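The values are calculated or read from the model by the stated rules, or taken from the named source; none is laboratory data. Since we're looking at a predicted model, the values are computed, not measured. FYI the Cβ positions are ideal-geometry reconstructions off the backbone, even for glycines, and counts take in every protein chain you see.
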Amino acid sequence: AAVKPLVVSTWDSGLAVNAVAWKILSAGGYALDAVEAGAKSIEAEINCCVGLGGNPDRDGHVTLDACIMDEKYNCGSVAFLERILHPISVARKVMETTPHVLLVGEGAQKFALQNGFKLESGKLSPDAEKNWKEWLKKSEYKPVMNIEQQQGKGRKGGGPFAPAFFDDGTPNHDTMGTIALDASGRLSGACTTSGMGFKMRGRVGDSPIIGAGLYVDGEVGAATSSGQGEEVIRIGGTHLVVEFMRNGATPMEACKKAVERLVKINPKKAKDFQVGFIAINLQGEVGAYSVNKGFSYSVTQGNDGGKVLMAESYY
Ligand code: SD4
């Protein structure tokens with residue numbers, strides 16, 4: 001029998017997110033409510049990579065991407081959303097109250113305001129401000145692999161929400177993807193991010209793209225991703241992971257096969273970028289795999305209090 005409920009999130013920062021989700025799951029609540037609550041908890045924190053405290057785009061504006069999906073193929077998403085605290089909840093509103101899946105930019109913001117969300121100041125967090133000014137000096141857009149941080153080097157501060165920066169000030173990125181199976185066997189997922197730091201204005205990554213940053217199939221399983229979004233979009237990453245599971249792969253095998261696809265189409269580049277997938281299935285099995293070393297993930301299942309694991313990697 002499946003060990004449920006179960007919630008899995010990307011990175012070590014996912015442990016605190018799981019704990020929020022677990023309150024709902026352990027009380028017999030709905031997986032969708034659990035993943036939304038988890039995502040909201042980290043959106044409200046000041047950290048480099050999720051929510052309004054995150055690193056801005058090149059022009060100095062924080063633009064947020066998020067999506068959510070339930071066990072019945074209902075999904076909602078927002079991208080390039082500015083000055084709204086909880087993009088995940090706007091995504092859920094898109095899912096539940098509009099005939100659409102994805103709203104972007106000004107239109108997404110207008111929709112949020114019409115639905116009672118508040119317009120925040122748009123001021124950068126002190127860390128984000130500092131990092132942006134630092135970045136402007138060289139204005140070099142070079143995505144950094146999230147590796148060393150996970151090996152304990154260069155991370156400033158402590159605790160699950162410590163800002164993930166290298167000692168030289170280079171920001172790292174930690175998108176929050178959360179997937180859950182509730183006590184009734186319903187699957188859901190949420191993904192939320194401020195995206196790649198210092199991205200081109202208007203750039204949208206994989207995180208709000210259904211089938212790239214997140215996919216849930218109520219008959220099979222769920223998957224979410226973190227890392228270099230462009231590479232995930234190129235292979236329809238999480239949809240691919242879920243389809244591998246449909247065809248019999250375990251979550252771990254499915255994540256591995258998707259990573260192998262990424263490496264195969266990027267024989268020269270793959271060593272220099274990071275992508276990690278996590279997946280769960282209806283049987284309550286969990287898997288993860290990344291291109292390069294250093295992708296951690298957090299698993300909370302069956303009252304074990306939760307644990308952080310390091311994914312196996314291709315390299
Ligand atoms: C993006 N996938 O915007 C996101 C970034 C990320 O950990 O995952 N950071 O491409």
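Miscellaneous remarks
- Filter result for A270 (among the hydrophobic types (A, V, I, L, M, F, W, C) and crowded, with 24+ Cβ neighbours inside 10 Å): no
- Subset of segment 206-231 [surrounded by 24 or more Cβ atoms within 10 Å (Cβ to Cβ), in contact (Cβ under 8 Å) with a residue 40 or more places away in the chain and part of a loop (DSSP other than H, G, I, E, B)]: S207, P208, I209, G213, Q228
- Check on I46, of a type in the set (V, I, T) and crowded, with 21+ Cβ neighbours inside 10 Å: no
- Qualifying residue in segment 104-119 (condition: at pLDDT 95 or above, more than 16 Å from the ligand (Cβ to nearest atom) and β-branched (V, I, T)): no
- Filter pass, E243 being within 11 Å of the ligand (Cβ to nearest atom), in contact with an Asp or Glu (Cβ under 9 Å, 6 or more places away or on another chain) and in a helix (DSSP H, G or I): no
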